[in-house]
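Here the structure comes first, spelled out in structure tokens, and everything after it is commentary.
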Amino acid sequence: MRKRIGISRNINLGWLNKAAELYISGKDEKEIIDALDEYLSLEIKSPTNLKKTRGILMNIWGRDVEGRERIKKIAIELLKTGKNENILLGHWCLMLVAYPVFTDICSIIGKMDRQRFHITNRDIKNKMFDLWGERSTLYHSIDKNIKTLKDIGVLDTLPKNRYGINRYNIENKKGIILIAYTLTYIKEKLYISTMELNNSPEFFPFEYNITIDILEDSNIFSIDRFGGELVVSR
């Protein structure tokens with residue numbers, strides 16, 4: 001089955017914060033849609049582009065999806081800390097679970113960064129075409145995802161068509177729990193090793209340390225030993 005592309009418009013941190021604010025305030029889905037339309041219309045004049053942008057924000061924040069309740073709950077707690085790195089992480093995790101294309105792009109960038117390769121638009125696109133197949137909608141979506149990563153403060157443009165990465169240190173224990181929980185969700189495995197949790201390319205801009213003590217204290221995860229290594233499941 002062909003995967004859906006999903007993200008067709010770039011989004012910025014201000015829009016994500018507004019969508020989160022409306023959801024946290026307790027508004028229902030229609031109220032959030034109406035409020036987002038009014039808010040976005042100040043910056044987006046095209047009705048088609050406004051509708052697409054609002055739809056993306058609704059998929060990330062505005063709608064509840066079965067199985068993602070805990071992720072959103074912890075994300076809200078992080079946003080309420082008021083710290084930039086925690087706010088970004090909360091949005092990031094909800095974007096990962098909402099849009100597989102965003103997850104794959106982040107994974108590709110993270111692997112390139114880990115291997116110390118230059119991060120370029122061309123190389124990201126080539127690797128995404130290998131995963132998804134070469135189609136025009138994907139080509140357009142990759143550009144919008146990269147623009148989003150720039151707009152939310154993760155990527156910077158460097159000379160020679162390369163990108164640099166801004167790093168964010170996560171010390172909040174709930175943030176660390178959210179990273180672990182999100183990874184167990186998107187990986188769709190029965191279990192995941194602690195080494196994989198701490199070296200996930202999907203979380204390339206974040207610096208963090210997931211420890212067994214933090215996971216055990218959360219009362220969310222099961223910790224076992226398999227094949228000589230510690231593994232985590234939820």
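Coordinate-derived values only; no laboratory data. Because the structure is a prediction, the values reported are computed rather than measured. Heads up, the Cβs are rebuilt from the backbone with ideal geometry, glycines too, and the neighbour counts pull from every protein chain shown.
Shown for SER107, SER233: other C-beta atoms within 10 Å of each C-beta, ranked fewest to most, produce the order SER233, SER107.
Backbone amide hydrogens, once placed in the peptide plane, bring LEU230 within less than 5 Å of THR194, excluding anything fewer than 5 places away on its chain.
If each DSSP helix of 4+ residues adds -39,500 (n - 2.57) and the sum is divided by the residues in the chain, what number results at 222 nm, nearest 500 deg cm²/dmol? Result for the chain: -17000 deg cm²/dmol, rounded to the nearest 500.
With q set to 0.08, 0.14, 0.16 Å⁻¹, the log10 of I(q)/I(0) for the chain, from the Debye formula over equal scatterers at the Cα positions, is -0.30, -0.94, -1.22.
Looking at the range 150-234, the GluC sites (Glu not before Pro) that sit in a DSSP loop and have at most 16 other Cβ atoms within 10 Å of their own Cβ are GLU171, GLU188. Relative to the Cα centre, the charge distribution of the chain, modelled as +1 at Lys and Arg Cβ and -1 at Asp and Glu Cβ, gives a dipole magnitude of about 820 debye. This ranking places PHE117, PHE221 by how few other beta-carbon atoms lie within 10 Å of each, fewest first, which gives PHE117, PHE221.
Ranked from largest, the principal axis spans of the Cα set of the range 170-233 equal 30, 24, 19 Å.
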